[in-house]
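Have a look at the structure below, then the notes.
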Amino acid sequence: MPAGSAHAQTVLDEAAAADRELFFQAGFNLLESVADSPEAPKAYRGLLEYPPFLIELTRKDRFSHAKLVRICRKLAVIEKRLDVQLARLLPGRWEDPYELEPEMVTRILDVLNEISMGPRLILLLSHLTSYPDAAVGEKAAILIGRRICNFGWTRRRLESGGPEIRAGVVQALWGLNRPEARLAMRRCQIGKAHV
């Protein structure tokens, strides 16, 4: 059954609709059982490109944050686009197909911040720095701020963002040994001293 085929999609939809928990457990066990098999990429792609499976995987009551990060890192070794698939669960610029609760959005952003290196999520997620929920905006600012090498973006967020966004930018800059990061941190200290 080719991953992504209409038949495969129908089978997954029917299994998920019948019993989401059983569907998740069976899928997760399948991924673990084929991890060292030549069939692993096909099985991983089939499940990790299926949003209901990823939503079940990232549910707060399923795994601790640390365990979820370990699992996602392991899955990403075989399915290199796992970070992109997780990012696509989150509210888009113009639509929110999965309507996840803000707490779930922040959980996924935290995981992405740890498992996804480089700038490839910037375009997919930068709009979340302006999300109506302050916690989501803060987590998005941390994720984007750690990946964007643009002091103009950093300065604009520090000057015009709410306290959560500014806190997220500061967290993103923390530990970076770049001149613009040091300058921004000094400006934050000076601003705090004048409050």
Inset, instruction - Output ³J(HN,Hα) for the range 107-117: one whole-Hz value per residue in order, computed from phi by the Karplus curve 6.51 cos²θ - 1.76 cosθ + 1.60 with θ = phi - 60°, and x for Gly and Pro. - result: 4, 5, 4, 4, 5, 4, 4, 8, 9, 10, 9
Legend entry - Net charge of Cβ neighbours under 12 Å - reference VAL105; Lys, Arg +1; Asp, Glu -1: -4
Inset, instruction - For the range 1-73, with all protein chains present and a 1.4 Å probe, just round the carbon and sulfur fraction of the accessible area to a whole percent. - result: 57
Legend entry - Farthest toward positive dipole pole in the range 55-117 [+1 Lys/Arg, -1 Asp/Glu at C-beta], among LEU89, ILE78, THR58: ILE78
Legend entry - Projected label distance in nm at SER64 and ALA134, using a 7 Å step from Cα toward the beta-carbon: 2.9
Inset, instruction - Would you list, by chain and number, the aspartates and glutamates whose Cα falls below 19 Å from the Cα of LYS80, excluding same-chain residues fewer than 8 positions away? - result: GLU32, ASP36, GLU39, GLU49, ASP110, GLU114
Legend entry - FRET efficiency estimate (nearest 0.05) - Cβ-Cβ, ASP19 to LEU123, R0 25 angstrom: 0.10
Legend entry - Karplus-derived 3J(HN,Hα), 6.51/-1.76/1.60, for each residue of the range 31-46, Hz, glycine and proline x: 4, 5, 6, 9, 3, 9, 9, x, 7, 4, x, 5, 5, 4, 4, x
Inset, instruction - May I ask for the net charge around ILE78, where only other residues with Cβ less than 12 Å from the Cβ of ILE78 are counted and Lys, Arg are +1 while Asp, Glu are -1? - result: +2
Inset, instruction - With only Lys, Arg, Asp and Glu charged, each at its Cβ (+1 for the first two, -1 for the last two), find how big the charge dipole of the range 1-156 is about the Cα centre; round to the nearest 20 debye. - result: 880
Inset, instruction - For an R0 of 35 angstrom, estimate the FRET efficiency from the Cβ-Cβ distance between ALA26 and GLU103 and round to the nearest 0.05. - result: 0.85
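The values are calculated or read from the model by the stated rules, or taken from the named source; none is laboratory data. Everything numeric in this text was worked out from a predicted model, so none of it was measured. Don't worry about glycine lacking a Cβ; one is built from the backbone with ideal geometry, like all the others, and counts go over all protein chains shown. Calculation scope for accessible area: heavy atoms of the full protein, side chains included, ligands and nucleic acids excluded. Shrake-Rupley method; radii C 1.70, N 1.55, O 1.52, S 1.80 Å.
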